[in-house]
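This report concerns only the one structure given below.
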Amino acid sequence: MPGSRTTSRSAASERRARLSRLVALVLRHRPEEVGVRLDSGGYADLEALAAGLATQPGWESLSSTDLLALAQADPRRYEVRDGRIRARYGHTIRVEEPGEPALPPEWLYIGVRAADVASLRDDGLRPAGRQHLHLATTPQAALEVGRRHAPDAVVVVVFARRAADSGTVFRRAGPALFLTDYVPPAFLLLPGSG
């Protein structure tokens, strides 16, 4: 029965997506809700996270193996190291070391609401509702993320290497993602500024 195999795959895919949303919620925003503590890098013990999540309705049979499989299926979002797991980005809770300090590429990109561009000329880039700015390595990725938050999003170019040379600290949060706390206006190329 080919149809039931497709349905089974679809159900497994939906369950994995629901688990990913739950893990992201806990690791980025609310670890205390399942009794988990994060270290300064945002890591939780894999076994403790599995046990905490297994207290949630519908996840009673969850194991650390399931979490490991989730992280391996989505290495851009999750990182596992030495029996610990963390979300690579997106935290609203304080994470002291969200990634390894790294020299960024020449340019990085971020999608912002078109209405916010004028304020960037004076204020520079600051995180809005998150702990860090999330900067993509391609304009396409930045626009895609920006459009999740605002349909009219535009791409701002960050002269990342020049900013780093001037003291801005960048951290690698994944293969195509860098984090920083602030980018001064002098290191931004704004839409319409030529």
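The values are calculated or read from the model by the stated rules, or taken from the named source; none is laboratory data. Quantities reported herein were computed from a predicted structural model and do not represent experimental measurements. Cβ placement follows ideal geometry from the backbone for every residue including glycine, while neighbour counts extend to all protein chains displayed. Surface accessibility is based on the protein's heavy atoms, side chains included, excluding ligands, DNA and RNA. Shrake-Rupley method; radii C 1.70, N 1.55, O 1.52, S 1.80 Å.
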Open item on the list: Contact list please: Cβ distance under 8 Å, first residue in segment 60-75 and closer than 10 Å to Ser20 by Cβ and at pLDDT below 95, second residue in a helix (DSSP H, G or I) and among the polar types (S, T, N, Q), pairs at least six apart or on different chains.
Closed with: Leu70/Ser20; Asp74/Ser20
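Inspect all residues belonging to segment 64-75 and state whether any of them is open to solvent by less than 90 Å² (accessible area, probe 1.4 Å) and of a type in the set (S, T, N, Q).
yes
Kindly state which helices (runs of 4 or more DSSP H) lie completely within segment 97-181 and contain at least 1 residues that are more than 22 Å from Pro191 (Cα to Cα) and modelled with pLDDT of 95 or more.
Where helices (runs of 4 or more DSSP H) fall fully within segment 97-181 and carry at least 1 residues being more than 22 Å from Pro191 (Cα to Cα) and modelled with pLDDT of 95 or more, they are 160-165.
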Task: Residues located in segment 51-86, provided they are in contact with an Asp or Glu (Cβ under 7 Å, 6 or more places away or on another chain) and of a type in the set (Ser, Thr, Tyr) - done: Ser64
TODO: Within segment 123-174, track down each residue that is at positive phi, touching a residue at least 12 places away in the same chain (Cβ under 8 Å) and open to solvent by 30 Å² or more (accessible area, probe 1.4 Å).
DONE: Gly129
